[in-house]
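None of the figures in this text is laboratory data; all of them are computed from the coordinates on show. Being a predicted model, the structure only gives us computed values, none of them experimental. Using ideal geometry, Cβ is built from the backbone for each residue, glycine included, and neighbour counts are taken over all protein chains shown.
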Amino acid sequence: MKKLAVLSLVLVLVLLGARDSSASMPQSLEDWCVTRMSSWSPPGKSMYKDARESEADGLARYKEIARDAISVVYDPSEAPLFPGPYGRAKTLATMLGIADSESGFRKDVDEGKGSASKGDGGKSWCLMQVQLGQAVNGKTPIRIGPKGDTFEYIYDKKSGWGGEDLVSDHKACFKAALRIMRSSFNACGPLPVEEKLTVYTSGNCTDGRASSRIRVGKAIRWLAASAPPMNDVDVLALMSAPAQSSTVALNP
């Protein structure tokens, strides 16, 4: 039990503690993300028929995914999951850890094409596998929309995002997922940080703890191995600077 307690403390310190200045530092936030994504799930290597693509095409798609994830997590209107100068970077790492566990960034899941592109019997959508039900006439019966800092399920097809919207727009996928992540962290507050995604993985704070540990664990190991290249304040300043492209804004 003492060993487990020490390990849990170490994991919390990695996510919430100071930045490790000795870790390797990629040239940009986008590079930082794509490097780790490629390590987890090498582009162009999927054996799924509808996910096949060249390594070059996969890498280009990964870059687009990273840019859209960064855009959502560093949106000033979205609260990060973690406090501190690198809270948004840690939130970004956690989001991409979930995406890798849920979809492996596969092309078929990304584009919503093929029989294996939607999990949970066709009910879960986009790279983050948000569960909204099977599509009827091209639209899911359940939609998801913002409610304060978290989310609500919507049954009015004119509001919120349906599964089809999450597949067609990375940013919508990441925005919906971030709100579910935040809701899970709020609901499971007493749990260790590596288990706070339990609502995301199971719908409650009791089941799905092992799945939560896998997803948060990916972020923990990433952050331990490679520090974010920029602190949140600097990224936000660059992204808000006039006449700056998103690519320039992400470079230190």
Has region 134-153 got at least one residue that is among the hydroxyl-bearing types (Ser, Thr, Tyr) and closer than 30 Å to PRO42 by Cα?
no
Failed condition for ILE144, given (1) crowded, with 23+ Cβ neighbours inside 10 Å; (2) over 14 Å from the mean Cα position of the chain (by Cα); (3) assigned to a helix (DSSP H, G or I):
(3)
Checked ASP149, ASP156, ASP120 against criteria (under 23 Å from PRO76 (Cα atoms) and either in contact (Cβ under 8 Å) with a residue 40 or more places away in the chain or surrounded by fewer than 16 Cβ atoms within 10 Å (Cβ to Cβ) (or both)); the one match is ASP149
Which pairs turn up if I take residues in region 79-90 that are more than 16 Å from LEU29 (Cβ to Cβ) and look for partners that are part of a loop (DSSP other than H, G, I, E, B) with beta carbon separation below 7 Å, at least 6 apart in sequence or on another chain?
ALA79/ASP149
Looking only at region 110-141, how many residues end up being among the basic types (Lys, Arg) and not in a loop (DSSP other than H, G, I, E, B)?
1
Select, from SER46, SER71, the only residue that is assigned to a loop (DSSP other than H, G, I, E, B), surrounded by fewer than 22 Cβ atoms within 10 Å (Cβ to Cβ) and touching a Lys or Arg at 6+ places or on another chain (Cβ under 7 Å).
SER46
